[in-house]
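Below is one structure, written out as structure tokens, with a few remarks after it.
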Amino acid sequence: TDPSLKNKFDPERLNLYLSYQFTDKISFKSEIEFEHGGTGVALEYDTQEEFGEFAQEVEKGGEVKLEQAHINFQIQPYFNIRAGRLKVYFGVFSSLDEPTKYFTAHRPEMENAILPLGWYENGIEFYGTFAKRFMYRAYVVSGLDASGFSSRNWIKWGYQTKFDMATAESFAFAGRLDYKFGTHKDTFVGLSAYINDAAANRPKNDMKQSAYVTLVEGHISYNEKNLRFNAMGLYGNLENSNIVSQKNANLSNNLGVKRTPVGKNALGFSAEVGYNILPLISPESKQMLYPFMRYDYYDTMQDVEGSIIDNPRWQRSAITGGFNWFVHPKIVIKAHYSDRRLGSENYDQATLQLTGKKQHERTFSTGIGFEF
């Protein structure tokens, strides 16, 4: 385990929803999120960078953000429209983002390392259901900014939150299709796709070439009786990643981006399973107790382009085990232990030679989640 990692408390997030029904078919929805205790000025120490890095942020460990604010037009079951600032449903976590719907004490690792979570953009969404069990979503929304791409998190920090307004030189197009095959609303299987030229949204016109981000993913979620299971596979491609890396290296420190080389491809897979054992112990109890296991694999530099060197550190996997105790259907106490393995090797402090053994980060996390 990295000796520079410290034990921490974190009020991770609180989401408040405000809504209004204008008519039977027209409504308004908004969401305000408080992350990590509010705003102020704080220093953050990033231990996952190779030599560690301090970053000063205009926040108190977190943010207060307007996540959603949109008008919803319900026209027909098969065709409806949302317009404004809205949620982009990409990946399995976007549908299972309440703390009572995923097992770990914090956001699922693989998706949170590669994708913006939660992912909200300005634009328009078309959605509906057909053939009783199919649901589709199609988006035209604000896109990513390639200046925020990095080795560690690939496109994650290309999410446009640094400035007052999101650059709209290049829109993103995304789509999702789900098939619901069970009795519970969280039992479904589906896929999503996303494409956007992230070069056009850079703060300066310093890149003439395009930098199309293409993402595809497949997912499954199963929640029936006492068994819960979900899994997801993700693949991404960045056009001209070597040029993006060169341009990012020349950016000003004042922009607050990593400026590290960017991979051409990213790959990720995750799966978790849990079973409610309390009916076996106390059949009359209305509480639930889920022991669970989770596996994550992700490489944000799966392939590189041009002169960019593939840093093995960013090939990561994690095995996690723990439990969720639902003292109430909407209140959960969580605990888990995770062993994360990095692709890079340990150094012998005495000889300064590689030991041949992979680096590990072992963490224990606990928390409480609720919704109402």
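Here is how the numbers come out for the structure above:
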item: Set of lysines near residue 180 by C-alpha distance (under 19 Å), chain-local residues within fewer than 8 positions excluded; result: 101, 132, 225
item: Stretchable slack from residue 358 to residue 330, in nm (0.36 nm times residue separation minus alpha-carbon distance); result: 6.1 nm
item: Under 11 Å, Cβ to Cβ, from residue 182 - net charge with Lys/Arg +1 and Asp/Glu -1; result: +2
item: Top of 334, 162, 357 by mean-square fluctuation, Gaussian network on the chain, Cα under 10 Å; result: 357
item: Gaussian network model of the chain, springs between alpha carbon atoms under 10 Å - residue of 356, 274, 233 with greatest fluctuation; result: 356
item: Most fluctuating residue given options 201, 230, 254, as computed from a GNM of the chain linking Cα atoms under 10 Å; result: 254
item: 5 Å binning of all Cα-Cα separations within the range 162-224, expressed as whole percents from 0 upward; result: 4, 16, 17, 14, 12, 10, 10, 9, 6, 2, 1
item: Proxy reagent accessibility, fewest Cβ within 10 Å first, across 119, 314, 154, 325; result: 325, 119, 314, 154
item: Whole-number percent relative contact order across the chain, with pairs defined as alpha carbons under 8 Å at least 6 apart; result: 11
item: Summed residue charge, Cβ within 13 Å of residue 170's Cβ, Lys/Arg positive, Asp/Glu negative; result: -4
item: Calculated [θ] (222 nm, deg cm²/dmol) that DSSP helices of n ≥ 4 give over the chain, each run adding -39,500 (n - 2.57); result: -1000 deg cm²/dmol
item: Efficiency of FRET between residue 208 and residue 284 - r from beta-carbon atoms, R0 51 angstrom, step 0.05; result: 0.15
item: Calculated diffusion of the range 77-370, Stokes-Einstein form, Kirkwood radius summed over Cα pairs, 20 °C and 1.002 mPa s, µm²/s; result: 104
item: Debye intensity ratio I(q)/I(0), log10, the range 313-372, q values 0.15 Å⁻¹ (C-alpha model); result: -0.60
item: Members of 208/247; 156/247; 8/162; 162/258 lying beyond 20 Å, as alpha-carbon distances in this model show; result: 8/162
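Read the figures in this text as sums done on the coordinates, not as results from a lab. Computed from a prediction, not measured in an experiment: that's the story for all the values here. Cβ sites come from the backbone with ideal geometry, for glycine too, and all protein chains shown count toward neighbours.
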